[in-house]
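Read the structure below first, then the notes.
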Ligand SMILES: [Zn+2]
Ligand SMILES: [Zn+2]
């Protein structure tokens with residue numbers, strides 16, 4: 001089979017992959033389940049000093065705790081589901097479908113599953129494991145609504161969400177939600193998931209951006225009073241950092257973590273989204289400069305630009321910051337001709353990734369970061 005896979009191309013390769021599962025892996029899992037069942041009965045695993053069959057499988061068969069417990073469950077339940085056992089053994093039923101059948105038997109009893117075994121197996125053959133789980137869950141609910149409720153309540157109890165401390169510039173997220181919570185979050189993220197033109201982000205990166213955008217828009221409230229969103233970030237930074245002076249310290253986020261000067265500058269670019277604090281000199285400078293885009297100016301900016309002005313981008317107002325074409329600390333005025341709406345992704349590309357955004361004859365032009373000595377002829 002290994003030789004066949006190495007030689008196979010195109011359609012034949014796809015066929016080979018299907019065959020590996022149908023005539024190789026799945027039937028072998030069925031044989032494995034049978035062996036586990038005998039081993040379970042004989043209790044032979046205790047001879048090695050293991051406290052349970054699951055523990056023995058983890059230890060000797062190199063399975064994770066979850067994978068080992070799943071195999072034990074499949075072995076025990078399938079003994080009571082003869083049709084399922086046959087279909088599994090001859091490759092008609094995949095391993096993951098067999099797991100769904102075993103779980104259903106565990107939840108509502110094998111006798112109840114046997115009554116509908118034929119129709120469940122028919123469904124299994126035309127569905128992927130996720131769709132089939134829905135069918136099985138519906139069946140469980142029909143047979144035992146109270147049990148289905150208890151299971152859902154148990155799942156709900158296990159919910160948790162954890163946001164880690166920043167480490168190497170990254171914050172790790174970890175958690176599980178019940179089905180309802182997951183569905184709510186998924187549909188809330190949906191509007192922010194849309195790829196933009198020439199989007200090079202992976203699906204995971206788009207999901208991460210969507211989560212942050214959800215937080216950003218959520219905490220700014222739905223009311224838009226013309227002054228833009230409320231500050232959601234508090235950053236402590238020195239005047240040198242803000243001005244991008246060489247040797248300046250990083251910006252410090254309230255709540256932990258540091259960000260580089262370019263990020264402080266981006267965040268301070270539209271001060272409505274962040275509050276920058278420092279000592280004495282900086283505060284004076286911030287007060288002196290028009291630190292916030294005045295409400296009438298922001299309204300005029302929104303009316304003129306309507307969406308992100310980066311060429312090819314149409315992300316709506318609520319995704320956008322007010323960007324100063326000439327940075328205000330360098331004397332750029334907070335006035336309409338010097339402002340532009342940029343979505344968070346493009347605002348970041350300008351400040352942190354070195355893209356240059358210019359406005360010429362009322363049109364915005366973006367040039368990639370200059371790699372070689374600034375070719376003035378190119379941007380002309
Ligand atoms: Zn900016
Ligand atoms: Zn954009």
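We did not get these values from a lab; they are worked out from the coordinates using the rules stated. These numbers come from a predicted model, not from an experiment. Cβ sites come from the backbone with ideal geometry, for glycine too, and all protein chains shown count toward neighbours.
Worth a mention:
- Cα shape, the stretch 118-184, gyration tensor, a/c 1.5 rule: oblate
- Equivalent ellipsoid of the chain: semi-axes from √(5λ) of the C-alpha gyration tensor, largest first, are 58, 24, 22 Å.
- Cβ-Cβ FRET estimate between residue 106 and residue 199, R0 fixed at 41 Å, reported to 0.05: 0.40
- The chain: angle of helix 179-189 to the longest principal axis, Cα-based, in degrees nearest 10: 30
- Taking 15 Å as the cut-off, the amide N atoms of the stretch 107-127 that come nearer than this to a point 7 Å along the Cα-to-beta-carbon line of residue 146 belong to 108-109.
- A Gaussian network model of the chain, with springs between Cα atoms under 10 Å, assigns the largest mean-square fluctuation among 334, 292, 200 to 200.
- Most mobile of 55, 110, 75 in a GNM of the chain (Cα contacts under 10 Å): 55
- Helix 117-126 axis versus longest C-alpha principal axis of the chain: approximately 40°, rounded to the nearest ten.
- Rounded to the nearest 0.05, the FRET efficiency derived from the C-beta distance between residue 336 and residue 365 at R0 = 25 Å is 0.90.
- Between helix 10-19 and the chain: long-axis angle, C-alpha atoms, 0 to 90°, nearest 10: 50
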